[in-house]
Amino acid sequence: GNSFIKDLDKLVIVIDNIDRCHKELAYELLTNVKNFLGNELNIVFLIPVDDGALKKHIMQNTSGKNCDKEAEEFLRKFFNVTLRIKPFQQIEMYEFTQKLNDEHKLKFSNLTIDLVSKEYATNPRRIIQFLNNLSSELNNYTEEFIKEYEPIICKYLIIREEFHDYYKLICANSHLINKPDEKAKEAISKNELLERFLLKTEPISDNIPIEVFEK
């Protein structure tokens, strides 16, 4: 109770993933914490959030023409101190991925590390998940095939996980990976991320025999 809290020099409470809650719950949690803060001076709340997503939640729970301004003002009153994490640099993500590769003895090639770190440059957690998935995927191939075509396997796995509709197209017609027909071109043109990915990784699949794609 209160006597326990008063005996402490400081109590730090961390509330994570508020921005992932339903908009009404997120708004309610914030307002409840804000009210609680007014009564307890020796309690510090640490709330890691995506402030853009949080602002959307607040805007959906307020009315009027200046919803964005209201949300900004709400956050400014609520958070006494704001620490913003700077965006990850490309070299940082490459080093992070390479470190995982070394620590866990995954033995992925530099090209694979580069491909994964660039594709998931904003999400370290996703890099970890993908490396696990890629390790599992490689169990389907011989060591000789992996040594020769590991980046191709990596490219296909990224397409399967991130662009599944396009993946189904190239599974049905393996040659489309290098020579897209009109249907494939239309699918690519509708997805900017897919288009960018295929452009970046085109050299990986260039001049690769069709039977490799089929496998």
Return the calculated 222 nm mean residue ellipticity for the chain, to the nearest 500 deg cm²/dmol, obtained by summing -39500 (n - 2.57) across DSSP H runs with n ≥ 4 and dividing by the residue count.
-19500 deg cm²/dmol
For labels at Lys107 and Gln89 in the simple 7 Å Cα→Cβ model, what's the distance in nm?
3.3
Below 27 Å, Cα to Cα, which lysines can Lys10 reach? Residues fewer than 8 away in the same chain don't count.
Lys34, Lys77
Under a point spin-label approximation (7 Å from Cα along Cα-to-Cβ), what is the Val81-Phe145 distance to one decimal in nm?
5.5
For helix 51-60, what angle does its Cα long axis make with the longest principal axis of the chain, in degrees from 0 to 90 and rounded to 10?
60
Which distance in Å, rounded to a whole number, links the C-alpha centroids of segment 17-36 and segment 167-215?
43
Go through 79-89, 161-171 and give me the packing order, highest mean Cβ count within 10 Å leading.
161-171, 79-89
Specify which labelled value, from (1) 1.41; (2) 1.29; (3) 1.03, agrees with Cα Rg over 2.2 N^0.38 Å derived from the coordinates of the model shown.
(1)
Run the quick spin-label model on Asp9 and Ser136: label points 7 Å from Cα toward the beta carbon, then report their separation in nm to one decimal.
4.6
Could you tally the net charge around Asp19, taking each other residue with its Cβ under 14 Å from the Cβ of Asp19, Lys/Arg +1 and Asp/Glu -1?
-1
Under 20 Å from Lys215, Cα to Cα: lysines that are on another chain or at least 8 residues apart
Lys147, Lys155, Lys168, Lys179
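Just so you know, all these numbers are worked out from the coordinates, no wet-lab data involved. Keep in mind it's a predicted model, so treat the numbers as computed, not measured. No Cβ is skipped: glycine too gets one built from the backbone with ideal geometry, and neighbour counts run over all protein chains shown.
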